[in-house]
1. Go through (1) 16.1; (2) 18.3; (3) 14.8 and flag the label whose value is the computed mean projected area of the Cα convex hull in nm² for this structure.
2. Dipole of the chain (Lys/Arg Cβ +1, Asp/Glu Cβ -1, origin at the Cα centre): which of 53, 75, 260 lies farthest to the positive side?
3. Report the local net charge at residue 128: Lys and Arg +1, Asp and Glu -1, summed over other residues whose C-beta lies under 12 Å from its C-beta.
4. Tell me, how many Å apart are the Cα centres for the range 249-303 and for the range 1-54?
5. Given the alpha-carbon gyration tensor of the range 223-297, what are the semi-axes of its equivalent ellipsoid in whole angstrom, ordered largest first, with each equal to the square root of 5 times an eigenvalue?
6. Kindly provide the helix-only [θ] at 222 nm of the chain, computed as the sum of -39,500 (n - 2.57) over DSSP H runs of four or more divided by all residues, to the nearest 500 deg cm²/dmol?
7. Hey, fewest Cβ within 10 Å first, where do 249, 106, 41, 236 land in order?
8. Toward the positive end of the charge dipole of the range 3-217, about the Cα centre and with charges on Cβ (Lys, Arg +1; Asp, Glu -1), which of 100, 135, 169 goes farthest?
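Bear in mind these aren't lab numbers, they're just calculated from the coordinates by the rules spelled out. A quick note: this is a predicted structure, and the numbers were derived from the prediction, not measured. Every residue, glycine among them, receives a Cβ derived from its backbone with ideal geometry; neighbour counts consider all protein chains shown.
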Amino acid sequence: MAASSKKVIYAALVANAIIALIKFGAAFLTGSSAMFSEGIHTTVDTGNQLMLLLGIKKAQKPADENHPFGYGKEIYFWSFIVAIMVFAVGAGVSIYEGIHSVMDPHPIENVMLNYGVLGFAIIATGIAWYFALKAFNQVKEDKGFFETVHGEKNPTTFVVLFEDSAALAGLFVALAGIGLSQWTGNPIFDGIASICIGLILGTTAAWLAYETKGLLIGESADPKIISGIKNIASRHKAIKAINEALTIHMGPEYILATLSVDFEDSLTASLIEEDIDKITKEIKQSFPNVKRVFVEAEPPNQN
């Protein structure tokens with residue numbers, strides 16, 4: 001797992017833990033529903049970072065008899081749990097709190113304290129968001145945003161960015177809700193802001209769940225890697241045709257590749273073994289993330 005991913009998670013973890021305590025303190029002193037929702041939101045994010053770190057640690061466990069291809073998919077599982085937590089806890093509690101506040105509104109006290117806390121939170125979250133965006137851009141290169149997210153096999157690259165982006169959006173919504181409540185003298189806007197924060201979290205969670213579900217089920221490697229594997233195999237004169245090349249990510253940095261090829265009929269078993277060994281070594285040297293390669297000698301149309 002890339003060291004930059006861990007740094008991004010640690011930065012978000014420290015920032016969120018501090019901000020959550022401050023938000024709950026402000027919500028208790030002022031009675032703001034939006035601030036309470038923000039406190040729940042940040043607490044969920046803090047827990048999410050801990051789960052991502054747990055996933056990274058578990059994914060590094062070596063292969064054993066029961067898991068011969070290792071534990072790389074642990075990070076996919078915990079990333080999916082993060083999406084569920086954001087939806088069930090973050091979005092659910094925020095929407096519930098907002099509806100309760102709209103139905104039974106109460107005036108906000110010490111409103112300037114809320115502004116101060118939100119301002120601090122925006123700065124701290126913005127710093128964490130910058131680190132997450134910087135790490136994401138290193139992976140993004142010249143690709144589009146959605147293309148990068150959909151093709152990225154390390155979910156920590158975009159999970160933290162999604163969380164921090166939702167956090168910033170929620171902070172500005174809370175700021176607007178509290179400001180409108182103060183300006184109009186109608187505390188209902190504070191509750192509406194809480195509902196909006198919940199909707200932001202729900203949308204973020206749905207997208208996270210969609211992206212991590214594909215990784216959890218099993219996604220193929222980048223098309224460039226598949227094409228490269230085919231090119232390496234096709235350069236060998238012993239191979240008449242490549243029937244198919246299949247790959248699957250067993251983790252962010254663990255690709256399993258299988259090749260079905262038609263060897264020249266005149267080759268002996270020993271020569272085929274030698275050629276398979278050469279192909280395997282060339283593939284692993286060209287693509288270090290390809291950890292296991294299986295080559296199957298098979299005539300065409302027999303798959």
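1. (2)
2. 53
3. -1
4. What the calculation gives is 46 Å, centre to centre.
5. 22, 12, 10
6. So the calculated ellipticity at 222 nm is -23500 deg cm²/dmol.
7. 106, 236, 249, 41
8. Of the options given, the answer is 135.
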